[in-house]
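Inspection log for the structure reproduced underneath, given as structure tokens.
The values are calculated or read from the model by the stated rules, or taken from the named source; none is laboratory data. None of these values were measured; they are calculated from a predicted model. A quick note on method: Cβ atoms are made from the backbone with ideal geometry, for glycine too, and the neighbour counts reach across all protein chains shown. These accessible areas exclude ligands, DNA and RNA; they are computed on the full protein's heavy atoms, side chains included. Shrake-Rupley method; radii C 1.70, N 1.55, O 1.52, S 1.80 Å.
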Amino acid sequence: MLTTIPRRGMAVMRTAALLVLVVSASTAAVAVPGAAAASDAAAAPAAAAAATPEPTGPELITNGTFDSGHSPWFATSNVTVDTSTPGQFCAVVPAGTTKPSAAIIGYNNVPLVKGERYRLVFTASATIERLPRALVQLNVAPFTPYLEAVPDVVATPGTYSYTFLSPVDLPAASLQFQLGAAGASSPWTFCLDNVSLRGGAAPDLFVPDTGPRVRVNQVGYLPDGPKGATLVTDATKPLRWQLKNASGRVVADGRTTPRGVDISSAQNVHSIDFTRFTRQGTGYTLVADGQTSRPFDIDRKFYDSLRTDALKFYYDQRSGIEIRNDLRPGGYARPAGHVGVAPNTGDLVVPCAPGGCDYTLDVSGGWYDAGDQGKYVVNGGISVYQLMNLWERSGDRRALGDGTLAIPESGNGVPDVLDEARWEQEFLLKMQVPAGKPLAGMAFAKVHDAAWTGLPMLPNLDPQPRQLYPPTTAATLNLAATAAQAARVFRPFDRAFAAKNLAAARTAWTAANANPALFAPATSVGGGPYADNVVSDEFYWAAAELYLTTGEKQYRDAVLASPLNTATDIFTPGGFFWGSVAALGRLDLALLPNNLPDRRAVRASVITAADGYLATQRAQPYGVPYAPINNKWDWGSNSGILNNAAVLGVAGDLTGRDKYRDGVIETMDYILGRNAINQSYVTGYGEVNSHNQHTRWYAHSLDLSMPNPPVGTIAGGANSGIQDPLAHERLAGCVAQFCYIDNIQSYSTNEEAINWNAPLAWVAAYISDRPGGHDR
Ligand code: 9MR
Ligand code: 9MR
């Protein structure tokens, strides 16, 4: 059936799930309520047919109905058991506790068998909406959780259901409802009933509510832009479509084009083209095959706000500075993180990880990478590059100038996008090994916590020791490239800062050439690895930026000597990313003024690559210029998709031809809802949008006092690898586009990150800019 989510074979899938959870035995297997799946099933009838079977194992909980008092259940002494409510377990929880484990009701002696999948079901209510933790865990330190769920419990009793795979044989695990740190200002009551835990469960597969089968950009289309939609249908012959305005009148119609089975979704689809309709308006819907799409606008304006929102994201990622309520209202204000105030240990006096340097550095400032609080030079590099680059290609003061973002520096006469970029660039400069020290001029790879922190966690409350990780060639070349670029873009605004950057870039370049093979290890604790053993692309990118800034022969020679200057395969199907940056050098050499010999070939190569992405886009019924090898969508696929759109954008600048700009615009349709799961990946954009991204400080789904990520935050997106435990359990067997879940625990599909908002900002700025950018 149409709305069924295609999956690969179950047998294969179960083995894989087992393997991964065994490997990550110390990682919480987190789940979300089955209650949500039930409502999804209602909206997707086909899924209801595949209702989850009952677990086959015996009941492991005695007196889970509380029909015979409360024994053998326990409660911590600060919890008052309410004996006036027979047939359930009601507990009065004190206010003011600071840790979830400070108030518990629970049940010990649950036997677990390694490799067995269990289903926990219970009914719960609370006098005020609360997010307790439901855990099945080791009953001694380190209290390793095998299930960690965060049910949204409200006054009306609800039934919650979770599955997990036990990675251990354990005779006596503990089932606990941790009720502390609930943010309550007065005592509240939690009631529990009908608790069941049984083995032999089937995995709790996630069934997204994919809504109407007509898939559109849920935000809107530009009046003069391409207007494509995708219809999911069993039909093989063309069908009629109708475009309706807000009052339901048909304003255009036509016939769909059958496209067969789309590989990225395994759905049979048709495409719809209503480009010829250009009348501005709101509340349009598209009707086909008896289905009415989610509403959308035809307008010019929304890319202006998307550009601004996507850029404003960086303010909230800032480390080392208070986030001000007047600049970011809505619950986003927070104290400065990592400025040496306890419990923080960084980032003013940060030592090296054991075995590293014998000195400390001030590496405060910069942006937190993503939902974690690490700061990584490699990923900071591509992100800050894209922000500076979107300014450099456009120079549009109306859209990007001073005062456009409402950040602390607004009003200083410098374009806000550059002020924001400078916040990161200043940090990157601090990561350079000082003169006189071993490996002087190289850049430390990263600074992050010694051990992973849990969620949620405000940056200023992070208690972990912060450490510097050994210098790498890749980090050093990221510094060389961005500092060379900063020297160019900041020159008109701050000559001293520009000069400081150029000096740092030269030093970094020299150091990287002297140490061309220092690589980050593939494994990493407490922060991401960002390992990359191929650095020819970083050398090429850095040489290109240094040449563009200085015009000097040594850098020009390095560009010309690099095989990557003429390689035809640097624009890959999956797109450029932090570990593959040759495209950045090539794009800038094509776009920015320079005297490189045979620059025509450089430009032609970008146009050829763009033609390739356009061909991919046309071949994809969902209109994405992205077709990774073997249909394996990458971690952060949304950034790969948008980066391919950016290549189209540069080709548009180089040629002035509309087809490239149209390709950029059509790419955004996928991001904003024209996709297999029928949802926008940008918070606050589109009727159904991602808003539970993995982040430690906008963790609303774990702590009701925190907001969701701010408007304009893009999620990583569909990821065939489903590496986190939640996605691994709930998306097992997913096909490409379906490998996504808007759940805070799914860091491999749903994290926010500086390198993902950067291409979103770039593309939004491009679309909102004058067609074709400015003349060169
Ligand atoms: O929160 C972390 C996220 O930023 C990373 O992308 C991800 C992969 O490195 O790891 C996340 O942290 C998890 C850690 O790897 C394992 N324990 C649970 C952590 C939070 O979910
Ligand atoms: O974006 C990174 C992706 O390419 C890697 O496959 C993945 C696993 O190493 O890590 C991603 O980066 C994460 C980083 O390691 C830690 N901070 C959050 C990043 C986004 O998830």
Carbon plus sulfur, as percent of the 1.4 Å-probe accessible area of the chain, comes to 56 percent
Between the alpha carbon centres of segment 365-387 and segment 253-331 the gap in Å comes to 26 Å
Any helix of the chain counts here only if DSSP assigns it H throughout, its Cα atoms span 18 Å or more along the axis, and its mean Kyte-Doolittle hydropathy is at least -0.5, and such helices are 10-23, 377-394, 473-489, 495-514, 536-550, 599-619, 637-655, 754-768
Given all pairs of distinct Cα atoms, segment 213-287 yields a Kirkwood Rh in Å of 12.8 Å
Sorted largest first, the C-alpha extents of segment 482-548 along its principal axes in whole angstrom are 42, 26, 16
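Please compute one quarter of the surface area of the Cα convex hull for the chain and express it in square nanometres.
Working: hull surface 131.4 nm².
Projected over every direction and averaged, the Cα hull of the chain covers 32.8 nm².
Please report the antiparallel percentage of the DSSP beta bridges confined to the chain, to the nearest 5. Before the final figure, lay out the partial values.
Numbers: 84 of 91 bridges.
Here the antiparallel bridges make up roughly 90 percent for the chain.
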Result for segment 204-339: accessible area per residue, probe 1.4 angstrom, in square angstrom, of 39 Å²
Largest first and rounded to whole Å, the semi-axes √(5λ) derived from the alpha carbon gyration tensor of segment 664-772 read 24, 18, 11
Any aspartates and glutamates whose Cα falls less than 16 Å from that of Lys99, other than same-chain ones fewer than 8 residues away, would be Glu148, Asp462, Asp703
Counting only protein heavy atoms and rolling a 1.4 Å probe, one gets per residue an accessible area for segment 640-776 in Å² of 20 Å²
proj_area_mean for segment 473-593 (convex hull on C-alpha atoms), units nm², value 8.4 nm²
Given unit charges at Cβ for Lys, Arg (+) and Asp, Glu (-), the dipole magnitude of the chain about its Cα centre in debye, nearest 20, is 1520 debye
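Given axes a ≥ b ≥ c from the Cα gyration tensor, I'd like to know whether segment 396-454 is rounded (a/c under 1.5), prolate (a/b larger than b/c) or oblate.
oblate
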So Arg495 and Ala202, fully extended at 0.36 nm per residue minus their Cα-Cα distance, gain in nm 99.1 nm
Relative contact order as a percentage, segment 431-487, C-alpha pairs under 8 Å and 6+ apart, gives 37 percent
Violations at 31 Å Cα threshold for listed pairs Lys500/Lys553; Lys312/Lys430; Lys446/Lys500; Lys244/Lys301; Lys430/Lys553; Lys301/Lys430 -> Lys301/Lys430
Under the 7 Å Cα-to-Cβ spin-label approximation, Phe519 and Thr80 lie apart by a distance in nanometres of 6.3 nm
Between Thr65 and Val140, Cβ-based FRET efficiency (R0 41 Å, step 0.05) works out to 0.90
For segment 446-583, dividing by residue count, accessible area per residue (probe 1.4 Å) in Å² works out to 37 Å²
Length gained if Thr98 through Thr236 is fully extended, taking 0.36 nm per residue and subtracting the Cα-Cα distance, is 43.8 nm
